[in-house]
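> Once you've had a glance at the structure underneath, I'll fire off some questions.
The values are calculated or read from the model by the stated rules, or taken from the named source; none is laboratory data. Note that the structure is predicted; figures quoted are calculated from it, not measured. Reconstructed Cβ throughout: ideal geometry from the backbone, glycine too, with neighbour counts over all protein chains shown.
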Amino acid sequence: MAALWGTRMDYNAATESIRALCHGETDTVALMATLACEIHHAHPYADWTGFYRVVAPDLLKIGPYQGGHGCLVIPFARGVCGAAARSGQVLNVPDVDAFPDHIACASSTRSELVLPVWNGAGRLLGVLDIDSDTPAAFTKADEDWLVPLLAEVFERAE
C-alpha cells in the first residue's frame, strides 16, 4: 500500500493554500483549475489530477487538469468517473483493472480516487478525478480531507 511507504500528504498546508487562492472566487472553471494544480502538486501519488464537468444530462467533459491528456468525454454510464457522477458517491479504486468498465485514459493508471463536486444549491458540477500509477495510492484520509474541502470551495460556485 502506498500509505505505508513513508511519503505523507500535508493536508493542512494544502488546505491553507487552496483557501487563500480560492477566497472569494465563484467561477467554477477558475476554482477547478486552481484545485487541480494544488492537489496535483501536493499529493505524493497523484499522476493525473483533474475535473470532468457536467455539460449535459448524463455527460461529463474534461475540465481543468494537470498531467498527461485525459479522456475528452465520459458518459455517466461508463467508467469510474461516470459511476461517481451517476451515484453521487466517492469512489476509491485501489486497482482499476478490477473495476468493471474502467476507462483507461492512460495505460499507466493503477488506482483512482473520484469525488462528486456539488455546489451549495445541490447541483452536480462534475467530478474530481485523481489517478496514480501506484496501486492503492489513495487513503480514507484523502477522502476525509477532500469531501469537506470540495464542499467549502464550491459552495458558491456558479
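> Yes or no: region 95-105 includes at least one residue that is over 15 Å from the mean Cα position of the chain (by Cα), of a type in the set (D, E, K, R), exposed (fewer than 13 other Cβ atoms within 10 Å of the Cβ) and closer than 16 Å to residue 71 by Cα.
Among the residues of region 95-105, at least one is over 15 Å from the mean Cα position of the chain (by Cα), of a type in the set (D, E, K, R), exposed (fewer than 13 other Cβ atoms within 10 Å of the Cβ) and closer than 16 Å to residue 71 by Cα, which makes the answer yes.
> Quick one: residue 147 ticks every box in (1) part of a loop (DSSP other than H, G, I, E, B); (2) at pLDDT 95 or above bar one, so which box is it?
Condition not satisfied by residue 147: (1).
> Return the total of residues in region 39-52 being crowded, with 19+ Cβ neighbours inside 10 Å and out of contact with any Ser or Thr (no Cβ under 6 Å at 6 or more places or on another chain).
7
> How many residues does region 81-102 contain that are of a type in the set (Val, Ile, Thr) and farther than 27 Å from residue 122 by Cβ?
Residues flagged as of a type in the set (Val, Ile, Thr) and farther than 27 Å from residue 122 by Cβ within region 81-102 amount to 1.
> Return the only residue of 15, 28, 34 being more than 15 Å from residue 131 (Cα to Cα), buried (at least 19 other Cβ atoms within 10 Å of the Cβ) and of a type in the set (S, T, N, Q).
28
> Which of the residues belonging to region 112-124 are more than 12 Å from the chain's Cα centre (by Cα) and part of a strand (DSSP E or B)?
118, 124
> Where residues in region 124-146 are in contact (Cβ under 8 Å) with a residue 40 or more places away in the chain and either charged (D, E, K, R) or at positive phi (or both), which of them is surrounded by the fewest Cβ atoms within 10 Å (Cβ to Cβ)?
140
> Consider residue 29 carefully, then state whether it is in contact (Cβ under 8 Å) with a residue 24 or more places away in the chain and of a type in the set (Val, Ile, Thr).
It is true that residue 29 is in contact (Cβ under 8 Å) with a residue 24 or more places away in the chain and of a type in the set (Val, Ile, Thr).
> Out of all the residues in region 52-104, which are touching a Leu at 6+ places or on another chain (Cβ under 8 Å), part of a strand (DSSP E or B) and under 21 Å from residue 134 (Cβ atoms)?
91, 92, 93 - these are the residues of region 52-104 that are touching a Leu at 6+ places or on another chain (Cβ under 8 Å), part of a strand (DSSP E or B) and under 21 Å from residue 134 (Cβ atoms).
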